[in-house]
Amino acid sequence: MEVRATVWVATAGVLAGELAAPGLSPPVLFGVACALAIVWLAGRRRSAAVAWIAVAAMALGVGAQRMSVVQAPEFPPDHVARLTLPLRTALEGRIAAAPDRRDGRTVLLVAAEAVGRGTARRRASGLVRVGVRGRAPAWRYGDRLRVDTILRAPRNFESPGRFDYVGHLARRGVHVTAFVWNDETIERLPPSAAGLRDALEAWRSRLATTIDGAVAPPAGAVLQALVVGEEGGIDAGLRDAFSRAGVVHILSISGLHVGLVAGAAFALFRWLLTRSEWLVLAVDVERAAAVASLGPVVLYTALSGLGVATLRSAIMVVVAVLAGLCGRPVDVLRSLAVTATILALAWPGAPLEISFQLSFVSVLAIVVGTRRLGPARNARGWRARLRAAAVVSPAALLGTAPLTAFHFHQVSLIGLVANPIAVPIFGSLVVVLGLAGALVEPLGPAAAKALFRLAGLVLRPGIAIVRRLAAPPWAAVDVPIPTVGELALLYATLAGLVLLPRRGGRVLAAVALTGLLVDAGWWVRERSGPHLRATFLDVGQGDAGVLELPGGRVVVVDAGGFPGGDFDTGAAVVAPFLLTRKILRVDAVAITHAHPDHFGGVAYLLAHFHPREFWWSGVPGTGVEWQRLMAAVQASGARVRRLDTTAQLAPDVAVLHPPPDLGTPSINDSSLVLRVHSGRVGLLLTGDIEAAAEQRLLADPARLPSVVLKVPHHGSRTSSAPGFVSAVAPVVAVMSVGADNRYRLPTPEIERRYRARGTCVLRTDRCGAVTVETDGDRLAVDSMRGCRCPATAR
């Protein structure tokens, strides 16, 4: 068996085992591997294919087995995850990681020590993610605290395309969360004994503070990211510019930084060792210097925050040094495979992380691209170096484009130009100055400040260049989110194109392209078909619905929102859903009424999905959030339509409320009520109407009967009067509510009222996103959490 091929088979097996762990059985895989190994050993002609299959089965089993730590963890008796949650209590603990400060909040990772107060106080263990409103600058790694809060089990917004927040936390050992509105309510406890990690984190914090004082924003925030891995100070606008320019990877500490540290340390130690004639004669100076350079690499990796890209680079350095000590040539691809395996086994679930995927795929793409399209390995001179450098950026961008589409639904076009310009600025001179400042800071703070200021001067034009490159609308394009199958076809196409001189490569590319064409044809048919499809998204305590009308028309009705919060439901929930449905533009965005739990996510949709029309009732809201929405409406260029019952929209969409002579109602009773129908099936969308609006609708009861009802006002007792429920007579009633919401909605009596008449009630807090689809005769109902109704049209 070829060693390199075996390493790659094992690596692919471990990674695939962790990625597909829910559908795999480790005992079965181990049994298959053992059986194949016996067959291979007993055979007269030992087949390499059989051995590789055995290795693959064993590696799959190992990967799946390691994921059991994440998927089915065994908690000790005092673990906070064993508490009955949600639970209001006092939490005591120690901050177990550097605080993450960004987007107007601070996240503290607290290792629990106890819960409760007084006689109810008891010992506790486990990690708790504590969100704190504001930047909370007083808290550092190692601090001990006590806070009164509500411990909760983390929860996903269960809508298609959503980010797996629960899995993300579980892979970090976090199964309980909490939130604090003001860090002044957190009580500081006496510190515990400090260790090496405390000293490193204190140095890291001191460097961040020094940079912050020496370099004005935004350059100071970028320099902190480059030197100590602290990205929280970079504002959303600048981060978006780096992303659109295709150079956001520059903001994380990666191979270039670690390589500079390793190279500088190696050169220094080699110079020191050659000063002694005895050492030169007694030891292999090159190998000794290589081993000694690992110390600074490990120290810098710990100082920079242990990010995936940093760990990947550090482990590859260690693998390269070990290969050199063993007298083996350093193979970058083999080192990459070994590093991926080490990280996956050491941190189960790491292959599911965005940073892991982008870090390894980008390096793999660069290596394969330069070997395939770059100069010959024995080529020398400036022409060879220039050709190799010219291949790096296109190879990295092309290799990671499917992943950026999958995770960020965006592909940078300007990155081909931006990377060759930005990387030398941010990744060489600035990093050298920043690392030099970090090195001298313990001995000479003034010298460190001077070096940081110099680095800041270099950064300013670099940041200006990035902003300039990211400014054109075509610099980055929003793209549909591919499915896992489509992602596989895209990479199969790329692999086939790289291998085109070989027959197998041509066949692979042809098959993959055929698959993509068939897939595209299916989506064209799906999006332009005659069916009516409505999806009520899980956006917490708010409303958001997407209507996919016959012929491909799309209307978004509300987009959720958290009043006073910084979580954008439009960007995080509604947009990913639209992009999983391959929707890049919508015909109209409507808000039923001017409350932020309905319009909070609309501004993002206006900016990114370019609706032709904006619908509303004409009754305005108040506050900064409303003003922001109105500014977004004006900037979008959408036609603004103030709707009432006289409006003519489309034959299958009718406005039932408000009437043109509404007067001055409450904001809730100003809600738009839309009825959409296909054949015999009607859908009634009611916003937050209350009793008065329901009475107005009952003046014309013949227009109300609907198979599907979006229940008014989240199931509040101020709505869904018996007469209204009887007039609508829904087969399916969807209640959009947040889990454990403070309003305690839906009201139990209202839920009973619907169920008593045989209506199938689906709640987004229990069922996740609810989808109904009809051809005008029959109705299909589905949800993210598997709730279904045996419902058909009447």
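The values are calculated or read from the model by the stated rules, or taken from the named source; none is laboratory data. The structure displayed is predicted, hence computed values, not measured ones. Neighbour counts run over all protein chains shown; Cβ positions are idealised from the backbone, glycine included. Ligands, DNA and RNA are stripped out before the accessible areas are found, and what is left, the full protein with its side chains, is counted by its heavy atoms. Shrake-Rupley method; radii C 1.70, N 1.55, O 1.52, S 1.80 Å.
Can you find a residue that is outside any helix (DSSP H, G or I), among the polar types (S, T, N, Q), on the phi < 0 side of the Ramachandran plot and open to solvent by 50 Å² or more (accessible area, probe 1.4 Å) anywhere in the range 300-314?
First, pick out the residues of the range 300-314 that are outside any helix (DSSP H, G or I): 304-307.
Now narrow it down to the ones that are among the polar types (S, T, N, Q): 304.
Of the ones still in play, those that are also on the phi < 0 side of the Ramachandran plot are 304.
From what is left, the residues that are open to solvent by 50 Å² or more (accessible area, probe 1.4 Å) are none.
No, the range 300-314 contains no residue that is outside any helix (DSSP H, G or I), among the polar types (S, T, N, Q), on the phi < 0 side of the Ramachandran plot and open to solvent by 50 Å² or more (accessible area, probe 1.4 Å).
Within the range 218-250, track down each residue that is touching a strand residue (DSSP E or B) at 6+ places or on another chain (Cβ under 6 Å) and farther than 19 Å from Thr106 by Cβ.
Start the filter on the range 218-250 by keeping residues that are touching a strand residue (DSSP E or B) at 6+ places or on another chain (Cβ under 6 Å), which leaves 232, 244, 246.
Within the range 218-250, Arg244, Gly246 qualify.
Quick one: is Ala208 touching a helix residue (DSSP H, G or I) at 6+ places or on another chain (Cβ under 8 Å), at pLDDT 85 or above and more than 30 Å from Val477 (Cα to Cα)? First the steps, then the outcome.
Working: touching a helix residue (DSSP H, G or I) at 6+ places or on another chain (Cβ under 8 Å): yes; at pLDDT 85 or above: yes; more than 30 Å from Val477 (Cα to Cα): yes.
Judged against the criteria, Ala208 is a match.
Could you grab me the full set of residues in the range 627-666 that are buried (at least 17 other Cβ atoms within 10 Å of the Cβ) and part of a loop (DSSP other than H, G, I, E, B)?
Ala638, Leu643, Thr645, Leu649, Asp652, Pro658, Leu662, Pro665 - these are the residues of the range 627-666 that are buried (at least 17 other Cβ atoms within 10 Å of the Cβ) and part of a loop (DSSP other than H, G, I, E, B).
Any idea which of (1) buried (at least 19 other Cβ atoms within 10 Å of the Cβ); (2) within 28 Å of the chain's Cα centre (by Cα) is the one Gly167 doesn't satisfy?
Going through (1) buried (at least 19 other Cβ atoms within 10 Å of the Cβ); (2) within 28 Å of the chain's Cα centre (by Cα) one by one, Gly167 breaks only (1).
Between a first residue in the range 152-168 that is at negative phi and free of Cβ contacts under 8 Å to residues at least 40 places away in the same chain and a second residue that is assigned to a strand (DSSP E or B) and polar (S, T, N, Q), which pairs have beta carbons less than 9 Å apart while being 6 or more apart in sequence or on different chains?
Pairs that qualify, where the first residue is at negative phi and free of Cβ contacts under 8 Å to residues at least 40 places away in the same chain and the partner is assigned to a strand (DSSP E or B) and polar (S, T, N, Q), are Pro154/Thr177.
Would you list the helices (runs of 4 or more DSSP H) that sit entirely within the range 1-112 and hold 1 or more residues that are of a type in the set (Asp, Glu) and open to solvent by less than 30 Å² (accessible area, probe 1.4 Å)? Write out each step before concluding.
Numbers: elements: 3-19, 26-42, 48-71.
Qualifying helices (runs of 4 or more DSSP H): 3-19.
Give the residue that is surrounded by the fewest Cβ atoms within 10 Å (Cβ to Cβ), with candidates limited to residues of the range 679-713 that are out of contact with any helix residue (DSSP H, G or I) (no Cβ under 9 Å at 6 or more places or on another chain) and not small (Gly, Ala, Ser).
Among those residues, the one meeting the criterion is Asp700.
What number goes with the only condition from (1) open to solvent by less than 80 Å² (accessible area, probe 1.4 Å); (2) modelled with pLDDT of 95 or more; (3) more than 15 Å from Ser706 (Cβ to Cβ) that Cys787 does not pass?
(2)
For Gly570, are the conditions met, namely being open to solvent by less than 30 Å² (accessible area, probe 1.4 Å) and farther than 26 Å from Arg527 by Cα? Show your work before the answer.
Values: open to solvent by less than 30 Å² (accessible area, probe 1.4 Å): yes; farther than 26 Å from Arg527 by Cα: no.
So Gly570 fails the test.
Could you give every pair whose Cβ atoms fall below 7 Å, whose first residue belongs to the range 378-391 and is under 18 Å from Ala365 (Cα atoms), and whose second residue is at pLDDT 75 or above and open to solvent by 60 Å² or more (accessible area, probe 1.4 Å), counting only separations of at least 6 or pairs across chains?
So the pair list comes out as Val391/Leu373.
Mind telling me which of the residues Ala395, Ala447, Ala405, Ala388 ends up being surrounded by fewer than 16 Cβ atoms within 10 Å (Cβ to Cβ) and in a helix (DSSP H, G or I)?
On the way: Ala395 fails: surrounded by fewer than 16 Cβ atoms within 10 Å (Cβ to Cβ); Ala405 fails: surrounded by fewer than 16 Cβ atoms within 10 Å (Cβ to Cβ); Ala388 fails: surrounded by fewer than 16 Cβ atoms within 10 Å (Cβ to Cβ).
None of the other options fit; the residue is Ala447.
When the range 693-748 is examined, which residues are found to be in a helix (DSSP H, G or I), more than 24 Å from Ser783 (Cα to Cα) and not polar (S, T, N, Q)?
So the first thing to find is which residues in the range 693-748 are in a helix (DSSP H, G or I), and the list is 693-697, 701-703, 712-715, 722-728, 748.
So of that shortlist, the ones also more than 24 Å from Ser783 (Cα to Cα) come out as 693-697, 701-703, 722-724, 726-727.
Within the range 693-748, Ala693, Glu694, Arg696, Leu697, Pro701, Ala702, Arg703, Pro722, Gly723, Phe724, Ala727 qualify.
Taking only pairs six or more apart or across chains, which ones have beta-carbon atoms under 8 Å, a first residue in the range 470-487 that is within 18 Å of Leu397 (Cβ to Cβ) and open to solvent by less than 30 Å² (accessible area, probe 1.4 Å), and a second residue that is of a type in the set (D, E, K, R) and modelled with pLDDT under 95?
Partner pairs satisfying both residue conditions: Ala470/Asp240; Ala470/Arg244; Ala475/Arg244; Ala476/Arg244.
When the range 224-253 is examined, which residues are found to be among the small types (Gly, Ala, Ser), open to solvent by less than 30 Å² (accessible area, probe 1.4 Å) and either in contact with a Ser or Thr (Cβ under 6 Å, 6 or more places away or on another chain) or not in a helix (DSSP H, G or I) (or both)? Write out each step before concluding.
Going residue by residue through the range 224-253, those that are among the small types (Gly, Ala, Ser) are 225, 229, 232-233, 236-237, 241, 243, 245-246, 252.
Pick out the ones that are also open to solvent by less than 30 Å² (accessible area, probe 1.4 Å) and you get 225, 229, 232, 241, 245-246.
Correct list: Gly229, Gly232, Ala245, Gly246.
Please work out which residue is farthest from Ile186 (Cα to Cα), limiting yourself to the range 113-126 and to residues that are open to solvent by less than 40 Å² (accessible area, probe 1.4 Å) and of a type in the set (A, V, I, L, M). First the steps, then the outcome.
Residues of the range 113-126 open to solvent by less than 40 Å² (accessible area, probe 1.4 Å): 114-116, 124-126.
Filter again for of a type in the set (A, V, I, L, M), leaving 114-115, 124.
Working: Ala114: 15, Val115: 14, Ala124: 18 Å.
Checking each candidate, the answer is Ala124.
Any residue in the range 304-320 that's of a type in the set (Val, Ile, Thr): show its pairings with residues that are open to solvent by 20 Å² or more (accessible area, probe 1.4 Å) at Cβ separation under 6 Å, as long as the two are six or more apart or on different chains.
Partner pairs satisfying both residue conditions: Val308/Ser355; Ile315/Ile342; Val319/Val338.
Only one of (1) touching a Pro at 6+ places or on another chain (Cβ under 9 Å); (2) surrounded by fewer than 21 Cβ atoms within 10 Å (Cβ to Cβ) is not met by Ala262, so which one is it?
Failed condition: (2).
Inside the range 501-549, can you point out the residues that are in a loop (DSSP other than H, G, I, E, B) and small (Gly, Ala, Ser)? Spell out how you get there, then give the answer.
Here is the first cut: in the range 501-549, the ones in a loop (DSSP other than H, G, I, E, B) are 501-502, 528-531, 537-543, 549.
Of everything in the range 501-549, those that are in a loop (DSSP other than H, G, I, E, B) and small (Gly, Ala, Ser) turn out to be Ser528, Gly529, Gly540, Gly542.
Only one of (1) of a type outside the set (Asp, Glu); (2) open to solvent by less than 30 Å² (accessible area, probe 1.4 Å); (3) over 17 Å from Gly255 (Cα atoms); (4) at pLDDT below 80 fails for Val285. Which number is that?
Against the list (1) of a type outside the set (Asp, Glu); (2) open to solvent by less than 30 Å² (accessible area, probe 1.4 Å); (3) over 17 Å from Gly255 (Cα atoms); (4) at pLDDT below 80, Val285 comes up short only on (4).
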